[in-house]
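Derivation of every value follows stated rules applied to the coordinates shown; laboratory data play no part. Quick caveat: nothing in here was measured; it's all calculated off a predicted structure. No Cβ is skipped: glycine too gets one built from the backbone with ideal geometry, and neighbour counts run over all protein chains shown.
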Amino acid sequence: MVRKIISLVTIIVLSFFHTGCSINYSFTGASISPNVKTVSIPNFPNNAPLVVPTLSRTVTEALRDYFTSQTNLVIIDRQGDLNLDGTITQYGVQPVAIQGNETAAMNRLTITVNVKFTNRTDPKQNWESSFSRYQDYSSSFNLVSVQDGLIKEITDQLVQDIFNKSVVNW
């Protein structure tokens, strides 16, 4: 048992000294070329018909924070090796579960973001895509009372989707 542990530790230590790889991998599944050092994520303007004043900042900061915490990339204002330009295109509520008395039992808050990804070191990886996520909530709640929590949950899902498409290549 002790020999197995020593062998495992030796393998781990040796792997730290191995520098011949051309792609960096992380526990998040991200595969980022060692040539990529920076990422720029400009403010995502809110162009949705229904505007929540804090949504633009919330989405942009969540994306920046996620890239900072999950990669070694440095966030810069513009012209990063990777660039994520985005726009919030939809923020809306609609009923999803109608009761017998024709009132909604559940409502759905949906947020859609359009993102253009540019990889300056490998233009073959460039893409533009729309990401949409939603959360349902009971119609017994006023949207204003649950909005902040719903926005956080939806934003977390959107950020994960954008990150995965950008650097995990799913």
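A cut-off of 5 Å between modelled amide H atoms, ignoring neighbours fewer than 5 places along the same chain, links residue 75 with 39.
The alpha-carbon of residue 165 sits under 13 angstrom from the alpha-carbons of these aspartates and glutamates, leaving out residues fewer than 8 places away in its chain: 128. The spacing between region 42-77 and region 132-163, judged by their C-alpha centroids, is 16 Å. Every Cα-Cα pair of region 36-168 was included, and the share exceeding 17 Å stands at 59 percent. Each Cα pair under 8 Å and six or more residues apart adds its separation to the average, and for region 48-141 the resulting relative contact order is 24 percent. Would any residue of region 140-169 have its amide N under 14 Å from a label point 7 Å out along Cα→Cβ of residue 33? List them or say none. Residues passing the 14 Å test: 167. Taken along the Cα-to-beta-carbon direction at a fixed 7 Å, the label points for residue 122 and residue 108 span 3.5 nm. Once R0 is set to 22 Å, what does the formula 1/(1 + (r/R0)^6) return for the Cβ-Cβ distance between residue 97 and residue 51, expressed as a FRET efficiency to the nearest 0.05? Approximately 0.25, to the nearest 0.05. Couplings 3J(HN,Hα) of region 44-54, computed from phi: 8, x, 9, 9, 6, x, 9, 10, 9, x, 8 Hz, in residue order, whole Hz [Karplus 6.51 cos²θ - 1.76 cosθ + 1.60, θ = phi - 60°; x for Gly and Pro].
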